[in-house]
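Contents: one structure, followed by commentary.
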Amino acid sequence: MHAKILILIYANESAYLLTEKTWKALTDINALIDEGNAADAVPKLQSLLPDVQSNAYDLAVTQQTLGYAHNRLQNYNEAITAFSAALNTNALPFDVSHQVRFSLAQLLIYTEQYVPGLKQ
């Protein structure tokens, strides 16, 4: 019985691993964002999206990162779209999806989309 529990725990943990290619790309892109170059990061993220479509977790993290980049650039509607797409994958761990949902709610309310913001 314990072996089955350990296998299930391990299976759940491996669901939250990026592929090596995506991890490398997002590491470089996050460095750009951290350096204040979110404008350079956005096209790189957009070009990464077709490559990650087949992996829900890679797609979710890429969309999440795109949302943060757009938010830094004050492109709030684009950030809302990206955060929503990340959440719609249902691939993020609970604590991460909770933070993304909170950011989304803040942006919706900030952009005067009160009812959708309160529903988050």
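The values are calculated or read from the model by the stated rules, or taken from the named source; none is laboratory data. Computed from a predicted structure; not experimentally measured. Virtual Cβ from ideal backbone geometry, glycine too; neighbours counted across all protein chains shown. We work out accessible area using only protein heavy atoms, side chains counted, and drop any ligands, DNA or RNA first. Shrake-Rupley method; radii C 1.70, N 1.55, O 1.52, S 1.80 Å.
Which residue, Y76, T62, Y16, has the largest displacement toward the positive end of the dipole of the chain when charges sit on each Cβ (Lys, Arg +1; Asp, Glu -1)? Going by the Cα projections, it comes out as Y16. If a/c stays under 1.5 just call it rounded; otherwise compare a/b with b/c (prolate if a/b is bigger, oblate if not). Do that for the chain, with a ≥ b ≥ c from the square roots of the Cα gyration tensor eigenvalues. Oblate shape, in that a/c is at least 1.5 and b/c is the bigger or equal ratio. Split the accessible area of the chain by element, probe 1.4 Å, and carbon with sulfur accounts for 56%. Report, in degrees rounded to the nearest 10, the 0 to 90 angle that the Cα long axis of helix 56-72 makes with the longest principal axis of the chain. Once rounded, the angle reads 30 degrees. For the listed peptides 35-43, 84-92, 59-67, 16-24, a ranking on the average number of other beta carbons within 10 Å per residue, highest first, reads 59-67, 84-92, 35-43, 16-24. Protein heavy-atom accessible surface, 1.4 Å probe, per residue over the chain: 64 Å². Once both axes come from the Cα atoms, what is the angle between helix 20-34 and the longest principal axis of the chain, in degrees from 0 to 90, rounded to 10? Value to nearest ten degrees: 30.
For the pair S54 and Y114, the difference between a 0.36 nm per residue extended length and the Cα-Cα distance amounts to 18.3 nm. Taking 0.36 nm per residue of separation and subtracting the Cα-Cα distance, full extension of the segment from Q99 to E78 would add 5.8 nm.
Taking the Cβ-Cβ separation of Y16 and Q106 as r and a Förster radius of 25 Å, what is the calculated FRET efficiency to the nearest 0.05? E between Y16 and Q106, to the nearest 0.05, is 0.55.
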